[in-house]
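To start, the structure under review is shown below, and the notes come after it.
The values are calculated or read from the model by the stated rules, or taken from the named source; none is laboratory data. Note that the structure is predicted; figures quoted are calculated from it, not measured. Cβ atoms come from the backbone with ideal geometry, glycine included; neighbour counts cover every protein chain shown. All accessible areas refer to the heavy atoms of the entire protein, side chains included, with ligands and DNA or RNA removed. Shrake-Rupley method; radii C 1.70, N 1.55, O 1.52, S 1.80 Å.
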Amino acid sequence: LLGAIRDIAAASGAHIALHWPAENAGGLHCDAKAVDLERLAEAYFYQPAIWRRPNAVFYEAFERLARERNISGIMIARHLFCDLWHSQVGEFRRRFAMPVLEIELNGDRYLSAANLSRIQAFLEAVVQ
């Protein structure tokens, strides 16, 4: 689906400047041989992740990357059962002064006509 979304974006004159899961894959960024509890706790609590509570570190990292890459809109494409990302859509809207689009995917390998239309309209509004 990401390839289809990239194609739609390119056709609209836009590009995907940040794909969070691909660029910030899970896993602790810590020396595997470390036995120092303080270092392990630091690696755990300061890794940007939407699921972490509090998740201020995630939003700080996202804000920094959005500013560096001059991002002008946020699209959250999530599976219907993913309540975690759905629960954060309002927070994205509150924190960032840019359009936010939430797309619900139903597990298919293609975009529905409704989602395709919503993405195209979103990109028309974002690309000026």
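Amide H contacts under 5 Å for Ile76: Leu101, Glu102, Ile103, restricted to partners 5 or more places along the chain or on a different chain, H placed in the peptide plane at 1.01 Å from N. Rolling a 1.4 Å probe over the heavy atoms of the protein chains gives the range 38-128 an accessible area of 65 Å² per residue. Under the simplified labelling scheme, the Trp51-Ala125 pair shows an inter-label distance of 3.0 nm, with each label point 7 Å from Cα along Cα→Cβ. Placing dummy labels 7 Å off each Cα toward the beta-carbon, the span from Phe92 to Asp108 is 2.1 nm. Scalar couplings 3J(HN,Hα) for the range 113-127, obtained by applying the Karplus form with A = 6.51, B = -1.76, C = 1.60 to θ = phi - 60°, are 4, 5, 5, 4, 5, 5, 5, 4, 5, 4, 5, 4, 6, 7, 7 Hz; x denotes Gly and Pro.
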